[in-house]
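One structure is given here, and the rest of the page talks about it.
The values are calculated or read from the model by the stated rules, or taken from the named source; none is laboratory data. Source: prediction; values computed, not measured. Note: accessible area is taken over every heavy atom of the protein model, side chains too, but ligands, DNA and RNA are not part of it. Shrake-Rupley method; radii C 1.70, N 1.55, O 1.52, S 1.80 Å.
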Amino acid sequence: MKLTSKQRAYLRGLAASEPTIMQIGKEGIGENLIKTVSDALEARELIKLSVLENSEETPRTAAEALAGATGATVICTIGRKLVLYRESETHKHIEL
């Protein structure tokens, strides 16, 4: 899904108040993490993750890999945090 800059800015604003719900650690991005992220995106649409210092992934590479694996869009990476968005099939929470 292609988002406009206004939509991205709106989602970035929503993400500012969202809690970080997952962490990417030294195991990196595996099948379990991809499934968990996909399930979280289906339930919430907008999620924030944190990349731990001991991870071999950078926030940008982790965001791109997870977005590619889950069909999500990278909204932003700030510091060690990343924000992903994917429109839910069943739970429409965010109106763009």
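Numbers below:
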read-out: Residue satisfying condition, being of a type outside the set (S, T, N, Q) and within 10 Å of the chain's Cα centre (by Cα), within set L49, L14; value: L49
read-out: Qualifying residue in region 60-74 (condition: acidic (D, E), within 11 Å of the chain's Cα centre (by Cα) and open to solvent by 40 Å² or more (accessible area, probe 1.4 Å)); value: yes
